[in-house]
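**Student:** My structure is below; once you've seen it, I'll send some questions.
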Amino acid sequence: MAGEDIYGSPEHLAFRAMVRKFVETELAPRAREFDEMGRPDKAIFRRLGEMGLLGIRYDPKYGGGGLDYSYHAVFLEELTRCDNSGVAMGISVQTDMATPALHRFGSEELKEKYLVPAIRGEHVAAIAVTEPGAGSDVAGIKTRAVRDGDHWVINGSKIFITNTANADWLCLLAVTDPDAGYGGFTQIVVPTDTPGFSYRLLDKIGNRGSDTGLLFFDDVRVPVSNTIGDPNRGFQQQMNQFQDERMVPVVTSPVSARHLWELTLAHAQQRVAFGKPLSKMQVNRFKFVEMMIQITAAQEMAHRCIRKMVAGEDVTLDVSMAKVFCANMKQYVATTCVQLFGGSGYIWENPAARAFVDSRLSTIGGGADEVMKEVAAKLLKI
């Protein structure tokens with residue numbers, strides 16, 4: 001298969017089989033249940049922790065697997081089989097959005113207190129960056145953390161935060177020096193049981209298997225020792241962490257799109273209209289070919305990014321371009337498949353219907369298309 005040189009070793013194949021069995025037996029059968037709950041129950045995180053799947057590429061010193069990114073890519077790919085993109089998103093928030101900065105920059109004390117239980121699945125984590133007035137424009141955030149002796153006092157709000165209700169702690173980005181520009185932001189671990197913290201859940205149109213909310217901080221006091229890395233280096237650390245986050249849709253979009261393509265083709269081969277299967281009509285055959293061209297191109301871009309991640313190279317340009325391409329490909333495939341399913345494609349139980357709604361987030365979350373193009377333009381010196 002394409003990408004065998006990335007993760008086609010016997011070790012990778014055995015790892016993939018283990019993850020696939022877990023997803024197909026413990027996650028997929030509960031897909032609609034998680035939609036009704038609005039999030040996966042915390043027992044799922046504990047189970048993932050027991051299997052060593054929440055810290056695949058983290059240092060074994062903290063309970064991680066110590067493996068390279070290719071194994072984590074396998075994990076992300078197999079998560080797409082859970083038949084619930086919201087659940088997959090909630091899990092990837094833990095592994096790719098809320099914990100990478102803590103693993104890279106956190107103190108030993110902070111890692112022992114928060115990273116270790118997150119890897120074990122005993123804690124659920126969330127990333128708190130976006131605000132009502134600042135999304136992809138991270139430099140525009142207003143939430144303040146003011147030092148008062150040995151504590152930060154935090155005031156402000158965050159929005160569109162996944163794992164809101166499940167989270168035991170947040171990786172928060174706050175302004176600590178409003179006069180320092182990009183040098184005035186700090187990442188802070190905020191336990192959600194801290195007095196002054198509250199939230200309200202939001203009613204999303206898609207990805208309903210994950211909980212997303214609006215967070216409020218009213219004189220929330222946390223120890224200065226909860227600072228991740230150096231004070232006032234939070235913006236740079238978050239930009240680094242964003243690359244992990246943006247790799248998730250790059251890795252998963254081609255796989256989920258291909259799966260939907262296969263389901264839709266099987267339908268088109270069985271559905272007869274005007275005396276022949278839909279798949280035998282030229283207009284539809286061309287649609288399947290056009291989708292596969294896009295899927296294959298996206299997969300190659302994903303493999304390039306994975307190779308760079310394994311090699312420890314800077315992936316900022318590649319992942320910025322790949323996220324735009326993969327996100328739009330995923331939307332295109334979902335929209336086309338709904339059309340090919342016809343009326344049944346508009347029924348919620350149809351996987352094309354759910355993909356149609358869920359995929360709409362792809363070009364917005366983790367950095368909107370317009371922002372990704374701006375990042376790429378700067379790196380290309382345009």
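Every read-out reported here was derived from the displayed coordinates using simple, explicitly stated rules and does not represent laboratory data. From a predicted model like this one, the values you see are computed outputs, not experimental measurements. Because the Cβ atoms are built from the backbone with ideal geometry, glycine has one as well, and the counts that use them run over all protein chains shown.
**Student:** Return the long-range amide H neighbours of Ala125 (sequence gap of 5 or more, or a different chain), with a cut-off of under 5 Å between placed amide H atoms.
**Tutor:** Here the answer is Asp168, since their amide H atoms fall under 5 Å of that of Ala125.
**Student:** What is the distance in Å between the Cα centroid of the range 357-374 and that of the range 231-269?
**Tutor:** 10 Å
**Student:** In debye to the nearest 20, how big a dipole does the range 236-379 give about its Cα centre with +1 on each Lys and Arg Cβ and -1 on each Asp and Glu Cβ? Please report the intermediate quantities before stating the final value.
**Tutor:** Details: 16 positive and 13 negative charges, 122 e Å.
It comes to approximately 580 debye.
**Student:** Show the residues, 5+ positions off or on another chain, whose built amide H is closer than 5 Å to the amide H of His151.
**Tutor:** The answer is Val224.
**Student:** Related question: What is the distance, in nm, between label points placed 7 Å from the Cα along the Cα-to-Cβ direction at Lys142 and at Ser198?
**Tutor:** Between Lys142 and Ser198, the simple spin-label model gives 1.9 nm.
**Student:** Ok, one more. Charges at C-beta only: +1 for Lys and Arg, -1 for Asp and Glu. How large is the resulting dipole of the range 125-232 about its Cα centre, in Debye rounded to 20? Don't jump to the answer; show the numbers that get you there.
**Tutor:** Working: 8 positive and 13 negative charges, 62 e Å.
For the range 125-232, the charge dipole is close to 300 debye.
**Student:** Spin-label point model (7 Å from Cα, Cβ direction): what's the Asp150 to Glu50 distance in nm?
**Tutor:** 3.8 nm
**Student:** Enter the angle in degrees (range 0 to 90, nearest 10) between the Cα long axis of helix 10-22 and the first principal axis of the Cα atoms of the chain, meaning the one along which they spread out most.
**Tutor:** Approximately 90 degrees, to the nearest 10.
**Student:** Taking the Cα atoms only, what angle lies between the long axis of helix 234-270 and the longest principal axis of the chain, rounded to 10 degrees?
**Tutor:** 20 degrees
**Student:** Let me ask another. Largest first and in whole Å, give the semi-axes of the chain's equivalent ellipsoid, each being the square root of 5 times a Cα gyration tensor eigenvalue.
**Tutor:** Numbers: eigenvalues 265, 90, 88 Å².
Square roots of five times the eigenvalues give 36, 21, 21 Å.
**Student:** So how much slack lies between Asp218 and Glu108, counting 0.36 nm per residue of separation and subtracting their Cα-Cα distance, in nm?
**Tutor:** Working: separation 110, 0.36 × 110 = 39.60 nm, distance 2.85 nm.
My answer for the length gained is 36.7 nm.
**Student:** For the range 1-112, what are the per-bin percents of Cα-Cα distances with bins 5 Å wide, up to the bin holding the maximum?
**Tutor:** 2, 11, 21, 24, 18, 13, 8, 2, 0
**Student:** Most fluctuating residue of Gly183, Gly229, Gly342 in a GNM of the chain with Cα springs under 10 Å: which is it?
**Tutor:** Among Gly183, Gly229, Gly342, the largest GNM mean-square fluctuation belongs to Gly342.
**Student:** Among Phe356, Phe197, Phe216, which comes first, second and so on when ranked by fewest other beta-carbon atoms within 10 Å?
**Tutor:** Numbers: Phe356 23, Phe197 18, Phe216 15.
Least crowded to most crowded, the residues run Phe216, Phe197, Phe356.
**Student:** In addition: Taking only DSSP H segments of four or more residues, each worth -39500 (n - 2.57), what value at 222 nm results for the chain once the sum is divided by all its residues, to the nearest 500 deg cm²/dmol? Can you show the working numbers first?
**Tutor:** Working: 13 runs with 175 residues, N = 382.
Computed mean residue ellipticity for the chain: -14500 deg cm²/dmol.
**Student:** Can you pull the one-decimal nm distance between simple spin-label points at Glu262 and Ile205, each 7 Å off the Cα toward Cβ?
**Tutor:** 3.0 nm
**Student:** Sort 277-285, 63-71, 204-212, 217-225 by packing, meaning the average of other beta carbons within 10 Å per residue, with the highest value first. Write down the numbers at each step before the final one.
**Tutor:** Working: 277-285: 14.3, 63-71: 19.1, 204-212: 21.6, 217-225: 17.0.
The most tightly packed comes first, giving 204-212, 63-71, 217-225, 277-285.
**Student:** Right, next: Can you give the FRET efficiency for Ala377 and Gln236, using 1/(1 + (r/R0)^6), R0 = 22 Å, r = Cβ-Cβ distance, to the nearest 0.05?
**Tutor:** E between Ala377 and Gln236, to the nearest 0.05, is 0.60.
**Student:** Here's a follow-up. Could you tell me what a quarter of the Cα convex hull surface of the range 194-338 works out to, in nm² with one decimal place? Please report the intermediate quantities before stating the final value.
**Tutor:** Working: hull surface 49.8 nm².
Dividing the Cα hull surface by four gives the mean projection, 12.4 nm².
**Student:** Still on this structure: State the extension gain, in nm to one decimal, for the chain segment bounded by Thr296 and Asp59, taking 0.36 nm per residue of separation less the distance between their alpha-carbons.
**Tutor:** Details: separation 237, 0.36 × 237 = 85.32 nm, distance 3.34 nm.
Length difference between fully extended and current span is 82.0 nm.
**Student:** Now a separate question. Given Lys287/Lys373; Lys61/Lys111; Lys21/Lys330; Lys323/Lys378; Lys111/Lys323; Lys158/Lys204, which pairs have Cα atoms separated by over 18 Å?
**Tutor:** Details: Lys287/Lys373 27 Å; Lys61/Lys111 10 Å; Lys21/Lys330 25 Å; Lys323/Lys378 16 Å; Lys111/Lys323 30 Å; Lys158/Lys204 16 Å.
Too far apart for the 18 Å limit: Lys287/Lys373; Lys21/Lys330; Lys111/Lys323.
**Student:** Summing +1 for each Lys or Arg and -1 for each Asp or Glu, what net charge is found among the other residues whose Cβ lies under 9 Å from the Cβ of Leu215?
**Tutor:** Details: positive: Lys158, Arg200; negative: none.
Result for the local shell: +2.
**Student:** Please report the antiparallel percentage of DSSP beta bridges with both residues in the chain, rounded to the nearest 5.
**Tutor:** So the antiparallel bridges in the chain amount to around 85 percent.
**Student:** Can you work out ³J(HN,Hα) from phi for every residue in the range 45-57, in order, using Karplus 6.51 cos²θ - 1.76 cosθ + 1.60 and θ = phi - 60°, giving whole Hz and x for Gly and Pro?
**Tutor:** Values per residue, Gly and Pro as x: 5, 5, 5, 4, x, 4, 8, x, 9, 9, x, 3, 9 Hz.
**Student:** Hey, another quick one. Plugging the Kirkwood radius over Cα pairs into Stokes-Einstein for the range 125-232, at a temperature of 25 °C and a viscosity of 0.890 mPa s, what D comes out in µm²/s? Walk me through the intermediate numbers first.
**Tutor:** Working: Rh = 13.9 Å.
Translational D for this selection: 177 µm²/s.
**Student:** Report the extension gain between Lys21 and Leu317 in nm, rounded to one decimal, defined as 0.36 nm multiplied by the number of residues separating them, less their alpha carbon distance.
**Tutor:** Numbers: separation 296, 0.36 × 296 = 106.56 nm, distance 3.46 nm.
So the chain would gain 103.1 nm between Lys21 and Leu317.
**Student:** Order by neighbour count: Leu102, Leu379, fewest other Cβ atoms within 10 Å first, most last. Walk me through the numbers before you get to the answer.
**Tutor:** Values: Leu102 25, Leu379 14.
In increasing order of surrounding Cβ atoms, one gets Leu379, Leu102.
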